[in-house]
1. Looking only at region B:63-103, which residues are in a loop (DSSP other than H, G, I, E, B), in contact with a Phe, Trp or Tyr (Cβ under 7 Å, 6 or more places away or on another chain) and buried (at least 16 other Cβ atoms within 10 Å of the Cβ)?
2. Being loosely packed, with under 11 Cβ neighbours inside 10 Å, of a type outside the set (Lys, Arg), at pLDDT 95 or above and in a loop (DSSP other than H, G, I, E, B) is the requirement here; does residue B:29 meet it?
3. What are the pairs, 6+ residues apart or on separate chains, where a residue within region B:91-107 that is under 16 Å from residue B:139 (Cβ atoms) has its Cβ under 6 Å from a residue that is among the polar types (S, T, N, Q) and not in a strand (DSSP E or B)?
4. State whether one or more residues within region B:171-187 are closer than 20 Å to residue A:77 by Cα, within 13 Å of the chain's Cα centre (by Cα) and not in a loop (DSSP other than H, G, I, E, B).
5. Identify, please: which residue in region B:107-129 is out of contact with any strand residue (DSSP E or B) (no Cβ under 9 Å at 6 or more places or on another chain) and charged (D, E, K, R) and is, among those, farthest from the other protein chains (Cβ to nearest Cβ)?
6. Applying the selection to region A:23-41, what residues are facing chain B (nearest Cβ under 10 Å), of a type in the set (Lys, Arg) and surrounded by fewer than 20 Cβ atoms within 10 Å (Cβ to Cβ)?
7. Checking the structure you have, find out if any residue of region B:153-161 is assigned to a strand (DSSP E or B), farther than 30 Å from residue A:45 by Cβ and facing another protein chain (nearest Cβ under 10 Å).
8. Give just the number: which of (1) touching a Phe, Trp or Tyr at 6+ places or on another chain (Cβ under 7 Å); (2) within 21 Å of residue B:90 (Cβ to Cβ); (3) away from chain A (no Cβ under 13 Å); (4) among the hydrophobic types (A, V, I, L, M, F, W, C) does residue B:181 not satisfy?
Amino acid sequence: MSRTTELAPGMRVRTRATDPVGHTRLPRYARGAVGVLVERAGAHPLADERARGRATEPHPVWHVRFAAADLFGSGDHTVTVELWEDYLTPVEES
Amino acid sequence: MSDDHASSLISAEVRHVEALLESRGLLGAGEIDTRIDEFLAGGTPANGARIVAHAWTDPGFAARLLADANEAIREVGLSMAGGLQEQRLKVVANTAEEHNVVVCTLCSCYPIALLGPSPSWYKSEAYRSRVVRDPRGVLAEFGLELPAATRISVWDASAESRYMVVPRRPAGTDGLTEPELAGLVTRKGLIGTAAV
């Protein structure tokens, strides 16, 4: 995994939009969405790789908070999803 | 998982693998059941209630609990290390401004070793799919009508952490002892589908 920007709390990130062939822990409703990093949730072997029977090193995991309106088009609540860093790309602040 | 798998293909496969492991002496007869029983032996909502009551009466503990729940619950003799490896516990606290509710949209992740088996509704397709989209409506169906000004935060246990909610301490409970306070806390309160 190559990443030029270190992730940090408060940073805005966009989730991967693709629908992978096999197992993933990026829920469908949170794909291709922009959220805010809340907190690191440790590091764990990437579930996508483990499900394919591949050995994997621990990868950083984050609590990422989304506005419901950004996920579903409506709602005034937030949804905080726990996501591997592999699913996330920092959003350039203009 | 929400369904009964006793007659499913995966159950047959698991039984077959178990039999192979036993026939090769890698696994004792009944060892898996014993390990599962051991894993579940200490899990009960009473553990969560005890943690909540202690947090209500000790603000320092409450702060430590929200910052690092795994370390903090050791202070009351509990641990998330009951399984093969210690699971990360994330505790979130309700306030007058914000209400938290927990779901696992992908399957049914829950702090089983700490709180015991999850309720059946927690594993239902309906709860898992609806509470992320319309938590206010789902909570109302549970009988929890939140003020319009109360923000709702839904937590999806989509990776390796397990979650527990600290409900708000009910009014008029100043004179109660810690065990009496613990008696007020329900399993739904620890998930966020009830006020306490």
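The values are calculated or read from the model by the stated rules, or taken from the named source; none is laboratory data. Every value quoted in this text rests on a predicted model; they were computed, and no experiment measured them. Quick reminder, even Gly has a Cβ in these numbers, built from the backbone with ideal geometry, and neighbours come from all protein chains shown.
1. The one that is in a loop (DSSP other than H, G, I, E, B), in contact with a Phe, Trp or Tyr (Cβ under 7 Å, 6 or more places away or on another chain) and buried (at least 16 other Cβ atoms within 10 Å of the Cβ): B:82.
2. No, not satisfied.
3. Sorted first by the residue in region B:91-107, then by its partner, the pairs are B:99/B:150; B:100/B:94.
4. no
5. Restricting to residues being out of contact with any strand residue (DSSP E or B) (no Cβ under 9 Å at 6 or more places or on another chain) and charged (D, E, K, R), the top hit is B:123.
6. The one that is facing chain B (nearest Cβ under 10 Å), of a type in the set (Lys, Arg) and surrounded by fewer than 20 Cβ atoms within 10 Å (Cβ to Cβ): A:28.
7. No.
8. Here residue B:181 clears every test but (2).
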